[in-house]
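Chemist: Once you've had a glance at the structure underneath, I'll fire off some questions.
The values are calculated or read from the model by the stated rules, or taken from the named source; none is laboratory data. Everything numeric in this text was worked out from a predicted model, so none of it was measured. Using ideal geometry, Cβ is built from the backbone for each residue, glycine included, and neighbour counts are taken over all protein chains shown. Quick note on the areas: whole protein, heavy atoms, side chains included, nothing else; ligands and nucleic acids left out. Shrake-Rupley method; radii C 1.70, N 1.55, O 1.52, S 1.80 Å.
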Amino acid sequence: MSDKAILFDSTKCIACRGCQVSCKQWNELEAEETTNRGTYENPPDLSPNTWITVKFFEKSEDDSLEWLFGRRSCMHCTDAVCVEVCPSGALFHNEYGFVSYDRDKCIGCGYCSQHCPFDVPRLDTNVITGVGKMAKCSLCTTPGLDRISEGWEPACVKTCPTDALIFGDRDDLLAEGYNRVNSLMAGNSKVYPNATLYGEDELGGLHVLYVLTDSPEAYGLPEDPQFPVAATINKDVLGPVARILWPVVAAGLAFNFVVAWFRQRKHEEVH
């Protein structure tokens with residue numbers, strides 16, 4: 001099977017944030033209370049219950065102001081740091097090339113969130129036990145909520161009113177992305193000499209591709225994302241040890257959860 005991907009065209013994005021809403025609805029993620037921070041960008045960051053955010057960037061040039069809209073979510077890297085450092089095998093590549101995960105196997109070590117070059121995974125920590133579970137976009141391939149195996153587009157793509165997001169075979173989207181970049185550089189009403197396609201080769205190739213009018217850094221993306229040195233240490237040195245010990249750790253965490261539950265029940269009975 002050919003790898004799948006989505007292509008995000010920043011020139012077509014109107015920052016309606018319909019992708020954010022549809023992601024929450026389809027994946028049954030809880031709403032979050034937010035505040036007015038003096039910007040249309042809300043919520044301010046990713047979280048265990050927010051897997052996509054639309055980012056706003058101001059660009060001033062020749063006394064004019066231009067908005068650049070970016071998409072922040074899991075990039076589904078081919079050389080995925082999170083997959084490599086995960087000691088329990090909770091993170092893996094599925095048949096479409098996307099980085100998926102088994103929440104039941106997650107031991108809450110936090111290696112994925114610590115080492116991701118794009119700062120994407122978030123830990124959903126239980127306030128009673130202190131045990132965390134990783135959460136992030138699965139591109140709608142989560143078991144029980146899988147759209148792709150049914151032949152449907154990801155929820156974010158389906159809801160996009162301007163076709164800023166399209167879904168398909170990765171090779172086809174690479175070709176489409178370069179066609180759009182070339183059109184931007186040639187220009188009709190405006191020429192974008194710095195237009196670029198982001199994601200073809202970064203970290204072995206991303207499964208979320210970006211058509212950008214400016215440099216990746218202008219959109220808050222690393223110019224050349226790298227596999228962190230600390231992640232290599234975790235992978236080659238600490239990983240094998242953790243894979244042996246994690247069942248013991250998981251059993252200990254489960255025991256702590258039971259103890260905490262009984263303590264909470266006792267506290268409630270007393271009061």
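Chemist: What per residue convex hull volume, in Å³, comes out for the stretch 47-104 when only alpha-carbon positions are used?
Modeler: Convex hull of Cα atoms, per residue: 124 Å³.
Chemist: Using only Cα atoms, what is the ratio of the radius of gyration of the stretch 96-198 to 2.2 N^0.38 Å?
Modeler: 1.44
Chemist: Now a separate question. At a Förster radius of 41 Å, what calculated FRET efficiency corresponds to the Cβ-Cβ distance of ASN182 and HIS93, to the nearest 0.05?
Modeler: For R0 = 41 Å, the calculated efficiency reads 0.85.
Chemist: What percentages make up the Cα-Cα pair-distance distribution of the stretch 7-58 when the bins are 10 Å wide from 0?
Modeler: 22, 55, 23, 0
Chemist: Now a separate question. Once phi is turned into θ = phi - 60°, what whole-Hz ³J(HN,Hα) does the Karplus curve with 6.51, -1.76 and 1.60 give for every residue of the stretch 20-26, x standing for Gly and Pro?
Modeler: The phi angles translate into 4, 5, 5, 4, 5, 5, 5 Hz.
Chemist: Now for a different question. Just to verify a number: FRET efficiency for LEU145 and ASP62, C-beta to C-beta distance, R0 = 35 Å, to 0.05?
Modeler: That pair, LEU145 with ASP62, gives E of 0.15.
Chemist: Still on this structure, I have one more. Using bins 10 angstrom wide from zero, how does P(r) for the stretch 125-176 break down, in % of all Cα pairs?
Modeler: 20, 37, 25, 13, 5
Chemist: Report in % the part of the accessible area of the stretch 1-99 that belongs to carbon and sulfur, leaving out ligands and nucleic acids; probe 1.4 Å.
Modeler: 47
Chemist: Right, something else. Can you work out D for the stretch 1-88 in µm² s⁻¹ from Stokes-Einstein, where Rh is the Kirkwood radius over C-alpha pairs, the temperature is 10 °C and the viscosity is 1.306 mPa s?
Modeler: 102
Chemist: Across all directions of projection, what mean area in square nanometres is found for the Cα convex hull of the stretch 165-231?
Modeler: If you wrap the Cα atoms of the stretch 165-231 in a convex hull and average its projections, you get 5.3 nm².
Chemist: Which value in nm describes the separation of the simple spin-label points at TYR192 and VAL229, placed 7 Å from the Cα toward the beta carbon?
Modeler: In this crude spin-label approximation the distance works out to 3.6 nm.
Chemist: Each residue of the stretch 86-96 in order: what ³J(HN,Hα) in whole Hz does its phi give by Karplus 6.51 cos²θ - 1.76 cosθ + 1.60, θ = phi - 60°, with x for Gly and Pro?
Modeler: So the J values, rounded to whole Hz, are 5, x, 9, x, 5, 9, 7, 8, 8, 5, 8.
Chemist: Sort 7-15, 220-228, 20-28 by the packing proxy (mean of other Cβ within 10 Å over each peptide's residues), most packed first.
Modeler: Descending mean neighbour count gives 7-15, 20-28, 220-228.
Chemist: Can you give me the orientation-averaged projected area of the convex hull built on the Cα atoms of the stretch 25-171, in nm²?
Modeler: Mean shadow area of the hull around the Cα atoms is 11.5 nm².
Chemist: Next question. Too long at a 18 Å Cα-Cα cut-off: which of LYS158/LYS190; LYS12/LYS136; LYS24/LYS158; LYS4/LYS158; LYS4/LYS133; LYS12/LYS55?
Modeler: Pairs exceeding the cut-off: LYS158/LYS190; LYS12/LYS136; LYS4/LYS133.
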